[in-house]
Structure formats: C-alpha cells, structure tokens
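The structure appears below as structure tokens.
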C-alpha cells in the first residue's frame, strides 16, 4: 500500500493520531479486516509496536477486534469515527466548561482576582502596554476590551475587517448596547459588507469612509488597541497590534476622532442606497 506522506500528515492533524497509528489505520482501511502481522508488513510499522498501536486504536474507536484465532481487526467506517470523535469532543468540552464554571464559584477564584487586583495596583501606568501578534490573538484582545467597557467604544476598521468581525461583534455589541454603552464605528461600507453594517447599526452608530485606511479601537477614553499592519497586505498569522492603557493618549486620539466623525457620511444612508440597488 502506497500512501502519500502529505495525506498521512493531514490525517494525523485531523484525527489527532501519531505516525504509527495513522499508518496502521490506513492500512486496515485498505484491507477492511486483517491481522496485526499483515498490517505491520503493509504499513511498515515494527511488529513489536503493531499490537500496542491496534490496542490504542481500539480504545479510540477506530478498529474492532474480531473474536477467534488468529486475532483479526475490523476497520470502523470513517463516518462512524467522525461521529464518535465529535461526540467525545463535545462531551470533553462540556466537562471542561463545567469545571471552569465551578471554579468561578469558589474561594480559589476570589483569591485569583484579589491577586490580580493587588498586583495591577502596583504596576506603573507606563507598563500597561503590550504587543499582540496574530489575528486570532488580536480578536481575543478586542473581545477583552469590549467586555471591560463601561462608557463608550470607538472603532475604526477596514471593509474587510468589518465583515470579518461580524460574528464576534453581533454578540458583544448587543450586550453592550443593552448596558447603554455608546458605540461608534467607522468603516468603508460597500456591497460586500453592507448587510453586516445594517445589522450592526441596530446596536451602534456607523459612519462611512472611503478614504481612511486605519484600524484602531478606543475604550472608555483610557485604552487603545492600534493595528500596525495594512489589512490587505498581511497574513492573519503575522498581523500585529499594540495595546496601551493611558488616558492621556486615548483622550488625544479620541478628540481627533471626534473631529473626523462629525464630517463623515451617515452609514444608514449608504446602507439604504446599497439595499435599493
């Protein structure tokens, strides 16, 4: 049996298997039913390891051991394997979430919060800054800032950024709007993202710009998250941002934003025009 290394690598990643496991498994899939010795010869996995590997695969639900002698193994349908793995992931995730929620209700969690509060009080204001690398981490930092907001939020993003953050914004902006937090968004509104803009306009004031190409966020006139790379030119893994917590800089940037904001086109008018086309 000849299986490309690239195919084996994809299977390892998708099903969280080691190299011996994926070799034995694919060998068994190609045969349907086979002995450990035959699978060892086909997959080029050492015989001394093939039985251990098959035992592990059996525990994971990838194979079934047939009764009788010699001992043979039967491959489980891939569809059934996917179903079992999805079920296990959901079960494990629910268990982990339950444990985390249980921790939140304990004195241990209160002590953790106290440690952080006491520690942050000792931090100099100039130290409340950091670099954030990777778009996934940037989005997590955005969510953290949104969760910490108490008064107002300013967000300038690109057309692609507005569409990309839609799912995250939907959940957060509705919650923030219910808390009476003022939200203002500036972005290029076009035919690709106007549906997203229309939905977000239920919870935020949105204005259109086709000239400003920036990505930053101001929260409560205290915290700023400023993206450093041009959206279209950087791979998501290499996107980068700087987060700072400084009322002086945040206020200065917010004042500049207010001047620009008052000159921008009402996003609702643009959305209406695009909706009627």
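The values are calculated or read from the model by the stated rules, or taken from the named source; none is laboratory data. Please read these numbers as outputs of a predicted model, since none were measured by experiment. Reconstructed Cβ throughout: ideal geometry from the backbone, glycine too, with neighbour counts over all protein chains shown.
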Name, by its number, the condition in (1) touching a helix residue (DSSP H, G or I) at 6+ places or on another chain (Cβ under 9 Å); (2) exposed (fewer than 13 other Cβ atoms within 10 Å of the Cβ) that does not hold for residue 60. (2)
Which residues, taken from segment 209-249, are over 19 Å from residue 131 (Cα atoms) and buried (at least 17 other Cβ atoms within 10 Å of the Cβ)? 209, 220, 221
What do you reckon, is residue 192 farther than 23 Å from residue 150 by Cβ, within 22 Å of the chain's Cα centre (by Cα), touching a residue at least 24 places away in the same chain (Cβ under 8 Å) and not in a strand (DSSP E or B)? no
Would you confirm whether or not segment 78-91 contains a residue that is outside any helix (DSSP H, G or I), modelled with pLDDT of 85 or more and closer than 20 Å to residue 27 by Cα? no
Does residue 203 satisfy being crowded, with 20+ Cβ neighbours inside 10 Å and out of contact with any strand residue (DSSP E or B) (no Cβ under 6 Å at 6 or more places or on another chain)? no
Among residues of segment 140-174, those that are farther than 19 Å from residue 222 by Cα, at pLDDT 85 or above and part of a helix (DSSP H, G or I), counted: 4
Only residues that are under 15 Å from residue 153 (Cα atoms) and either surrounded by 17 or more Cβ atoms within 10 Å (Cβ to Cβ) or in contact with a strand residue (DSSP E or B) (Cβ under 7 Å, 6 or more places away or on another chain) (or both): list them for segment 250-277, please. 250, 253, 254, 257, 261
Within the bounds of segment 239-259, is there any residue that is within 20 Å of residue 160 (Cα to Cα), in a helix (DSSP H, G or I) and in contact with a helix residue (DSSP H, G or I) (Cβ under 8 Å, 6 or more places away or on another chain)? no
Of the conditions (1) assigned to a helix (DSSP H, G or I); (2) under 25 Å from the mean Cα position of the chain (by Cα), residue 273 fails just one. Which one is it? (2)
Can you tell me which residue in segment 29-60 is farthest from the chain's Cα centre (by Cα), limited to those that are under 20 Å from residue 6 (Cβ atoms) and in a helix (DSSP H, G or I)? 42
